[in-house]
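**Q** Next up is a structure, given as structure tokens.
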Protein chains: 2
Amino acid sequence: MYTESIENYLKAIYEIQREKGKVSTNALSEKLGVAPASVTSMIKKLSEKKLLTHKRYQGVKLTQSGQKIALEVVRHHRLIELYLAEALGVPWDQVHEEAEKWEHVLSEDLEDRMDAALGHPTRDPHGSPIPSRDGTIIELDSIPLADMRPGQHGVVAEVSDRDPNLLRYVGKMGLYPKTRVKVVSVEPFSGPITLKVGDASHVLGAEAAQYVFITDVKGNPGEVI
Amino acid sequence: MYTESIENYLKAIYEIQREKGKVSTNALSEKLGVAPASVTSMIKKLSEKKLLTHKRYQGVKLTQSGQKIALEVVRHHRLIELYLAEALGVPWDQVHEEAEKWEHVLSEDLEDRMDAALGHPTRDPHGSPIPSRDGTIIELDSIPLADMRPGQHGVVAEVSDRDPNLLRYVGKMGLYPKTRVKVVSVEPFSGPITLKVGDASHVLGAEAAQYVFITDVKGNPGEVI
DNA sequence: AAATTAATTTAGGTATGACTAAAATCACTT
DNA sequence: AAGTGATTTTAGTCATACCTAAATTAATTT
């Protein structure tokens, strides 16, 4: 078994790789809330353990075995998030924080029990895919809501779980995964987006729209007004 | 918040105090699986934090605030044990080990949710009392099954959760909390005990009988054969 | 090409919580 | 009262994972 710190580093690397592609020391430092120098020394250690490869000043990349562990941690995290939401009614803006602690103490046996109790789910409350036990993970093809044009419609695939405030904000508009949305208008200069969720109309700030991902996008793209 | 180590020390002290009365360095060392010297230095630290009092070579005693924290940890532990058994079907011989890890990462909010989901329970799967949030704990008046005489009967109050093998062993006889038992005969020289659980008859080893506690003991005590 | 700025690494240090070995104290026996 | 053995404490180390400050390397501007 690896330490909690190591698990956190591997997970962070996996997530940065997914979101930004390149994984720099600074990005890790910021994501983990530790000093860059601390990241460097941990990278050295993880490299010695063959969990990642590292070229000086060039960023890191998970090895097979590093990725395997990262995916196990991610699986724990997302299964727990869903379990807390479903079984204990924890609001979707709080499950992330709780799962951050639980993910490191979940035994394989309990993982299986939660998985079964939830009916072998494939998505967490924010729409992120839950890796299977063997490490298979199915990413949906989606674009940020911010990139949609008036007239287009689609289905919410995923909402970033980084900031609870964002989750509460978009939750108030009913922007949960699997919800159908239609873009009515987009203000220029990265302005707010007006959209329809069911029968209701909402205006969404441009920054928030960066963190809501839409799949199955269709419809004639109109002009930004 | 306190470290996991500190929480474990306080809980261990509480439990040894409950079982043996006096809490020695050695007893703690054995219970926690650390060297006696490590216990001494941790005792010094806890004493500085006013969580316990210590007289050199004389053992320790929890202060009010130390006891309060210990009871919070115990509450977490026992609530989790019951939750795992009830909600996820974890067998009673495994819940202890899982709870040892979970107890340190349970938020107050989740504690409340579990407590409510379980209907504000007062006993864990082994029959140990679950302290209330304010630290009230109701201990049952019980004696070891090993101290019972033939002809006496009573109700299982609690089974020690220290050893999973013990739990599986007595579980096979149906000796769960709230089960009614009657002592049929007791062999001399700390010999095995024959008892009736429902309609079934079982023979229980003397050592195991030390760890099964019976309440509500009645009936004419006969002789040990 | 040199200078500036940003990112990364190195060097040295700290707190936590464990360890071993040796010394001190206590409890008991004779 | 002294000696023996068990218990406890002291002294000194170690690994983990963090930190700050300074040095190095890379990227960008002038």
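The values are calculated or read from the model by the stated rules, or taken from the named source; none is laboratory data. Note that the structure is predicted; figures quoted are calculated from it, not measured. For neighbour counting, all protein chains shown are included, and Cβ atoms are generated from backbone atoms with ideal geometry for every residue, glycine included. Areas reflect the complete protein model, heavy atoms only, side chains present, ligands, DNA and RNA absent. Shrake-Rupley method; radii C 1.70, N 1.55, O 1.52, S 1.80 Å.
**Q** I need every pair where a residue in segment A:31-55 that is more than 11 Å from DNA strand C (Cβ to nearest atom) and β-branched (Val, Ile, Thr) has its Cβ under 6 Å from the Cβ of a residue that is in a helix (DSSP H, G or I) and open to solvent by 40 Å² or more (accessible area, probe 1.4 Å), sequence separation at least 6 or different chains.
**A** Qualifying pairs under 6 Å: none.
**Q** Tally time: how many residues in segment A:2-29 are under 20 Å from residue A:100 (Cα atoms) and within 11 Å of DNA strand D (Cβ to nearest atom)? It would help to see each step written out before you state the result.
**A** Taking segment A:2-29 first, the residues under 20 Å from residue A:100 (Cα atoms) are A:2-19, A:27-29.
In the following step, the residues that additionally are within 11 Å of DNA strand D (Cβ to nearest atom) were identified as A:2-9, A:12, A:28-29.
Of the residues in segment A:2-29, 11 are under 20 Å from residue A:100 (Cα atoms) and within 11 Å of DNA strand D (Cβ to nearest atom).
**Q** Right, next: Tell me the residue from A:34, A:90, A:74 that is open to solvent by less than 20 Å² (accessible area, probe 1.4 Å), assigned to a loop (DSSP other than H, G, I, E, B), modelled with pLDDT of 95 or more and of a type outside the set (S, T, N, Q), please.
**A** Numbers: A:34 fails: open to solvent by less than 20 Å² (accessible area, probe 1.4 Å); A:74 fails: assigned to a loop (DSSP other than H, G, I, E, B).
Selected residue: A:90, the only one of A:34, A:90, A:74 that is open to solvent by less than 20 Å² (accessible area, probe 1.4 Å), assigned to a loop (DSSP other than H, G, I, E, B), modelled with pLDDT of 95 or more and of a type outside the set (S, T, N, Q).
**Q** Then there's this: Residues of segment B:1-15 being within 17 Å of residue B:68 (Cβ to Cβ) and surrounded by 13 or more Cβ atoms within 10 Å (Cβ to Cβ), which ones? Spell out how you get there, then give the answer.
**A** First pass over segment B:1-15, keeping only residues within 17 Å of residue B:68 (Cβ to Cβ): B:1-3, B:6-15.
Those that are within 17 Å of residue B:68 (Cβ to Cβ) and surrounded by 13 or more Cβ atoms within 10 Å (Cβ to Cβ): B:2, B:6, B:7, B:8, B:9, B:10, B:11, B:12, B:13, B:14, B:15.
**Q** Any chance segment B:64-74 includes a residue that's in contact with a strand residue (DSSP E or B) (Cβ under 8 Å, 6 or more places away or on another chain) and more than 8 Å from chain A (Cβ to nearest Cβ)?
**A** The first filter runs over segment B:64-74 and keeps only residues in contact with a strand residue (DSSP E or B) (Cβ under 8 Å, 6 or more places away or on another chain), leaving B:66, B:70.
Adding the requirement that they be more than 8 Å from chain A (Cβ to nearest Cβ) leaves B:66, B:70.
Yes, some residue in segment B:64-74 is in contact with a strand residue (DSSP E or B) (Cβ under 8 Å, 6 or more places away or on another chain) and more than 8 Å from chain A (Cβ to nearest Cβ).
**Q** Which count do you get for residues in segment B:44-80 that are within 16 Å of DNA strand D (Cβ to nearest atom) and under 23 Å from the mean Cα position of the chain (by Cα)?
**A** Final tally of qualifying residues: 6.
**Q** So, in segment B:37-60, how many residues would count as being in a helix (DSSP H, G or I) and open to solvent by less than 20 Å² (accessible area, probe 1.4 Å)? Lay out the reasoning, then the answer.
**A** Going residue by residue through segment B:37-60, those that are in a helix (DSSP H, G or I) are B:37-48.
Subset that is open to solvent by less than 20 Å² (accessible area, probe 1.4 Å): B:39, B:43, B:46.
Of the residues in segment B:37-60, 3 are in a helix (DSSP H, G or I) and open to solvent by less than 20 Å² (accessible area, probe 1.4 Å).
**Q** Considering only segment B:211-225, state which residues are surrounded by 14 or more Cβ atoms within 10 Å (Cβ to Cβ), at negative phi and at pLDDT below 95.
**A** Filtering segment B:211-225 down to residues surrounded by 14 or more Cβ atoms within 10 Å (Cβ to Cβ) leaves B:211-215, B:217, B:219, B:222, B:224.
Those still in the list that are at negative phi too: B:211-215, B:217, B:222, B:224.
B:222, B:224 - these are the residues of segment B:211-225 that are surrounded by 14 or more Cβ atoms within 10 Å (Cβ to Cβ), at negative phi and at pLDDT below 95.
**Q** So which residues in segment B:84-97 are in contact (Cβ under 8 Å) with a residue 12 or more places away in the chain and within 9 Å of chain A (Cβ to nearest Cβ)?
**A** Of everything in segment B:84-97, those that are in contact (Cβ under 8 Å) with a residue 12 or more places away in the chain and within 9 Å of chain A (Cβ to nearest Cβ) turn out to be B:84, B:87, B:94, B:97.
**Q** Quick check on residue B:79: is it assigned to a helix (DSSP H, G or I), open to solvent by less than 20 Å² (accessible area, probe 1.4 Å) and over 22 Å from residue B:130 (Cβ atoms)?
**A** Details: assigned to a helix (DSSP H, G or I): yes; open to solvent by less than 20 Å² (accessible area, probe 1.4 Å): yes; over 22 Å from residue B:130 (Cβ atoms): no.
No: the conditions fail for residue B:79.
**Q** Considering each of A:31, A:68, A:11 in turn, give the residue that is touching a His at 6+ places or on another chain (Cβ under 8 Å) and under 22 Å from residue A:130 (Cβ atoms).
**A** On the way: A:31 fails: touching a His at 6+ places or on another chain (Cβ under 8 Å); A:68 fails: touching a His at 6+ places or on another chain (Cβ under 8 Å).
The match here is A:11.
**Q** Residues being assigned to a helix (DSSP H, G or I), open to solvent by less than 70 Å² (accessible area, probe 1.4 Å) and within 8 Å of DNA strand C (Cβ to nearest atom): count how many of those fall in segment A:16-27.
**A** Let us first name the residues in segment A:16-27 that are assigned to a helix (DSSP H, G or I), namely A:16-20, A:25-27.
Retained after the next criterion (residues that are open to solvent by less than 70 Å² (accessible area, probe 1.4 Å)): A:16-17, A:25, A:27.
Still in the running and within 8 Å of DNA strand C (Cβ to nearest atom): A:25, A:27.
Matching residues across segment A:16-27 total 2.
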